[in-house]
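Notes to accompany the following structure.
The values are calculated or read from the model by the stated rules, or taken from the named source; none is laboratory data. Just so you know, these numbers come straight off a predicted model, no measurement behind them. Counting neighbours? That spans all protein chains shown, and the Cβs are built from the backbone with ideal geometry, glycine included.
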Amino acid sequence: MNVAMIDPSAFTPPYDHHLCEGLSQRECDVTLFTTDFEYLNWDSETPYKKTNFFYKYTNQIYSDGTRSWHRKLIKGSEHITNMILFIRQIKQLDPDIIHFQWLPLPIFDKNLAKILKRIAPIVHTVHDTIPYHGASPSRLQKWGIRSAPKVFDKLIVHTKDAKSKLTDREIQESKISVVPHGPIHYPDSDQSDMDESVYESTNEQTILFFGGIKEYKGVDVLLRSFAGLPSELQNGAKLKIAGSASLEISELQELACELEIEDRVDWDIRYVPDEEVPRLFGSADIVVFPYRNADQSGALMTALPYGKPIIASDVGGFSKTLTDGIHGYLVEPENPDSLCAALENTLLNESKRNQMGEAVLRLSDNILSWEQIGMETIQVYKSTTQSSVSIKNSR
């Protein structure tokens, strides 16, 4: 089966990589269309083809990573041009399935998807059933975001709850398939090339928040929770915030100062390169996800293989993946006291931490492999072609 996978802005490179690998293991011929993403460092050649089709001009102009209103304007314009050219590229590829991971410009992308349907059936993975998690993107990005999923032949979500949210929006239940999110495995890297000062070993217990810093992820709740710990626990612990920020980080840093915990917080505000991820989790004692809402979390799936106790909000994919008291603790969202109590219990009990860490590692081993996820995804593809155009390879 010939599959065209599309993630124009490289919103979820690790997920794209693992899914494309899983499909390739099931003998699919996969081409990933995305953009240049300098932080990927998989240590072996991929079994799928990857082409940096999108935003070449924008990446060249803003090679220093500058983010500004004019960059968004140029990128948006280039997106429209790229997507029009993409039609020609797809015709040449002649795929059996066109699978979108993300729609950067929904009002335009959904209309282009209607054209692509004439070439092959189209599938869309809806990673976030609450558009932008309630945040306020540009007005242009808001247009069409809620109606866009209805254009696709089939939709994939990661949990039954996410499926229910889409059916509540009057999307046909028969169009929606639940395919789980698998664990993310980062390649081992040469530790000697790393800056030892970033992950230096100390006697402090490290509480790690990892992933993109956005309003819905509740870093402010985490700061208030940490501030509520007894002083002896605070003095023996460090809160590490690691990830790129999509909000004004100075406001969170000011909150840490107001709470008088600024000397206990280590801010690592950047996209953490792949080669540093294993060391980052290796140096952590507890991993925390204080989210306000979520369908499923790539950051959670990244944490599982490292076998660390996890404290997470009792929402979405967290409550469906983790068992309270076994893998860590599930706490009430937006409740600093609930999170603080879980942190205190975990910090004080080394034996319990070790047991929870081992349970998380077992959980990671028992979650569906990406080859199995690839097989389930292929079943979605086959059901898609049965209800629209026959797969060319099965003629």
#### Entry: Single match in A284, A303, A294, A312 (criterion: outside the structural domain of K163 (by TED's automatic domain parsing), hydrophobic (A, V, I, L, M, F, W, C) and assigned to a helix (DSSP H, G or I))
A303
#### Entry: Residue tally, condition more than 23 Å from the chain's Cα centre (by Cα), modelled with pLDDT under 95 and either under 27 Å from A312 (Cα atoms) or not in a helix (DSSP H, G or I) (or both), over segment 170-226
13
### Task
Only residues that are part of a loop (DSSP other than H, G, I, E, B) and crowded, with 21+ Cβ neighbours inside 10 Å: list them for segment 325-345, please.
H327, P333
### Message
Among the listed residues S77, S9, identify the single one that is of a type in the set (S, T, N, Q), modelled with pLDDT of 90 or more and under 22 Å from the mean Cα position of the chain (by Cα).
### Response
S9
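Quick grid of which residues meet (1) on the phi > 0 side of the Ramachandran plot; (2) of a type outside the set (A, V, I, L, M, F, W, C):
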| residue | (1), (2) |
| --- | --- |
| Y291 | no, yes |
| L300 | no, no |
| L304 | no, no |
| G307 | yes, yes |
| I310 | no, no |
| L339 | no, no |
| A342 | no, no |
